[in-house]
Structures are given as C-alpha cells and as structure tokens.
1. I'd like to check something: does region 135-146 contain any residue that is in a loop (DSSP other than H, G, I, E, B) and among the basic types (Lys, Arg)?
2. Checking the structure you have, find out if any residue of region 287-309 is at pLDDT 95 or above, over 23 Å from LYS160 (Cβ atoms), more than 28 Å from the chain's Cα centre (by Cα) and not in a loop (DSSP other than H, G, I, E, B).
3. Can you confirm whether SER39 is of a type in the set (S, T, N, Q) and under 24 Å from LEU208 (Cβ atoms)?
4. So, of the residues in region 28-64 that are at pLDDT below 95 and not charged (D, E, K, R), which turns out to be surrounded by the most Cβ atoms within 10 Å (Cβ to Cβ)?
5. Looking at this structure, is SER98 in contact with a Leu (Cβ under 9 Å, 6 or more places away or on another chain) and more than 29 Å from VAL181 (Cβ to Cβ)?
6. Please work out which one of (1) touching a Ser or Thr at 6+ places or on another chain (Cβ under 8 Å); (2) surrounded by 24 or more Cβ atoms within 10 Å (Cβ to Cβ) is the condition ASP187 fails and give its number.
7. Would it be correct to say that ALA262 is modelled with pLDDT under 95, part of a helix (DSSP H, G or I) and either of a type outside the set (Phe, Trp, Tyr) or under 30 Å from SER151 (Cβ atoms) (or both)?
8. For region 82-100, check the following and say yes or no: at least one residue is more than 24 Å from LEU218 (Cβ to Cβ), in the same structural domain as ILE138 (by TED's automatic domain parsing), at pLDDT below 95 and in a helix (DSSP H, G or I).
Amino acid sequence: MYKCYLTCPRGLESLAKKEVFPFASSISEAKGGINFESSIEGLYSVNINSRVGMHLLVELFTFEANDDDDLYQNIYQYPWHEYINIKQTFIIRTRGSSKKFENKNFTTLKIKDAIVDQIKKKKLTRPSINKNNPDITISIFLDDNKFKVYSDSSGVSLHKRGYRNKIHKAALNESLAAGLVLLSNWDMKSPFYDTMCGSGTIALEAALIAYKIAPGLLRSNFAFQQWNNYDEKLYYKIKKEAEDNISMNDKIEIYGYDSEFANIVMAIYSTKLLNLNKYIKFKKQEMSTFCSDAKKGTLIINPPYGERLGDDDSTNLLYKMIGDVFKTKCNGFDCYVFTANLEAAKNIGLQTSKKIVLKNGSLDSRLLYYPIQKGTYNKKGSN
C-alpha cells in the first residue's frame, strides 16, 4: 500500500474525499488536499478519474533535520539509484516554511546535491535536471524542521486535461470548475447554463461530468508511467474500464454564452477536441439578453471580480445586472455566482441560501447560491 496525498483547490477537500473513496482507505482531509492509503491499482484509478484533484503524491519517507548537513545526510541515505534511472530527468519542488530553512532555493539545491551525489556514487554518472518536462518529480513538504518527501505520480497537474491550447486570460482552473459543478448538485435532467462562460471551462467540465468522461482519459501520459514498477497492462485495463463507463445522452442540455466572440471560438475548439461539439451549445450572447423556456435549470457564472475591469462603478453595475437577470429570467433556477468580490456581489440584491468558502488560486472566494423562486426575490441580500 502507498501513503498518498492528493492536492486540490482549497474548499474542495470533501469532494476529493468522495472521489478517492472507492480506491482508498484511511482517508483524512487536510488543507488543500487529502491523505489516504491505496494500492497501485487505486493510484492509477485516482489519476484517471479524479475531477477535483491536481497532484497525486506518494510518500517516500519522512525525517527531521536541524541544519543543512543534517538535511543532506537524510536525503543522501535514501536509495535514489533504485528510483531514478540515470537516463531519466527529474525536478525537485519544495513548498512549506521553516525558520531553520528560510532560503527555499538553497534548501532545494541542497536536496538536489544529495540525490545526485548518491546516484553518482552508485552509478558513476548522474541524471539531469529538467524544469519543464521532467520524467520524475520529487515534491518536498517542509514544516519547520519536519520534511516529507513525495514522488508526484501525476506529473503535469491533473487540472490540465488536454482540451485547451489557447487559454482565456481569466480562465478557471479545470479542477476548480469541476468542483463548482459538483457543488451545485445539478440534476442533469434540467438544462445547465454558464451565461458568462469565457473560454467555456465550467460548461466543458459539466459535460465531462454528465457524460461520465473521466478527465484523465484526455491525457497522453502520467508521471507514474516512468516509474520502475509501472504496470502497463494494469494501466490499460483501468483506462478501458473508464472508457466503457462513458455514457452519451442527447437529452442532456448544456449551454455556454459569452459576450466576446474570441472566447466562444476557444470554447468551440475545445468541444471539437473532446468530440462534444454536438453536445454543448456555445454562442455569442450578452448575459443581459438571457432567456429560457425551461421551468427549472442550473446556472453557474464566474463574473469579473473588478480588477479586470478596473472600474468599481462598472463592476457594481455588472453585478446588479446579474441580479436583475436572475429575478426576471431565472424563475425556478438554481443560480450560482463564483466570485472573490463580495462587496460587488451585494449589488445582486438577492439573499443567498448558501455561501461556500473556496480559493481561486490565492484569492479568497465564495460560491454564492441563489435559489430563485417567484415572489421571493424582493429580499435584499447580505452576501
């Protein structure tokens, strides 16, 4: 069994816990991730199937160090020559904080030296560092004098699904976008809308969820495929099971609208890469002109937070327009606004039923839930 740590956007830990439950034991939540134990089969399965996870890390060892020499010796003692082939490339990523090891770059360099020296002693040569596309990624978590050393089984973050080439400048992380859809509890029987869709990430993730398309199926490779114990037969068995689980359904309705034509072009390009161009309807349309004949629906938007517009008055008017559309065009809908600008969100003028605390990168954010029922939207909100 492997000791694992799956990172995810802050606030989505409970969703990550549900995702790994079929493949794991001893699951516990942490800030920005979950700890669990799993088999090699579970390791492959989580990488392929996780929607909100980002990096699935496998613990190699832990230790305590009080100075640089102590750090070097603890790293050097590990049999790196059995783990990293001299023809492979690797990179070390260090995160955390410590008063004893304040210079993170120097600490990382010290760790690299110990790894390289150990391999060179055993193999008489050494592997190279590759910062952009390494075969092996070593992740170090530092907490004062405590070190946890992990190998990243994912490699490139799992949120990079492979369906985008050009990215809208304010595009949501795909793992976070998937989390928003899952938090909405969309029933998949009523229509799904993103009326400020940008490059379409939320609508695209809604489609992957609705059609049971495992996000890892879109990737060409994972870091664990470079490991010495990689089981190719097992990997393709799990991948085949995920492919067989896909369930296309013409009755599911997913719509994405945006005021910028360039954004819609990017969104449509992604649907073609996914072969979903017949299943998601993107079009250029202002949110202010939104209307629907549906008596029930789920609508999620991620409007500008204000810094992108650079104008408080414009931002406040934008959020007021959002509230007006909810009141007049969305009766019977479950409406969600994901934002980091809670002051501007007050201009929506509706009472939230729920506020879910999330992080969008380093930004403290909220997913605001407005269940719109006729005759109840005259309440003034306290967002």
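1. No: zero hits.
2. Among the residues of region 287-309, at least one is at pLDDT 95 or above, over 23 Å from LYS160 (Cβ atoms), more than 28 Å from the chain's Cα centre (by Cα) and not in a loop (DSSP other than H, G, I, E, B), which makes the answer yes.
3. On the way: of a type in the set (S, T, N, Q): yes; under 24 Å from LEU208 (Cβ atoms): no.
No, not satisfied.
4. Of everything passing the filter in region 28-64, GLY32 is surrounded by the most Cβ atoms within 10 Å (Cβ to Cβ).
5. The answer is yes for SER98.
6. Just one mismatch for ASP187, condition (2).
7. Considered against the rule, which asks whether it is modelled with pLDDT under 95, part of a helix (DSSP H, G or I) and either of a type outside the set (Phe, Trp, Tyr) or under 30 Å from SER151 (Cβ atoms) (or both), ALA262 comes out as yes.
8. yes
The values are calculated or read from the model by the stated rules, or taken from the named source; none is laboratory data. Quantities reported herein were computed from a predicted structural model and do not represent experimental measurements. Cβ coordinates were reconstructed from backbone atoms using ideal geometry, including for glycine residues, and neighbour counts include every protein chain displayed.
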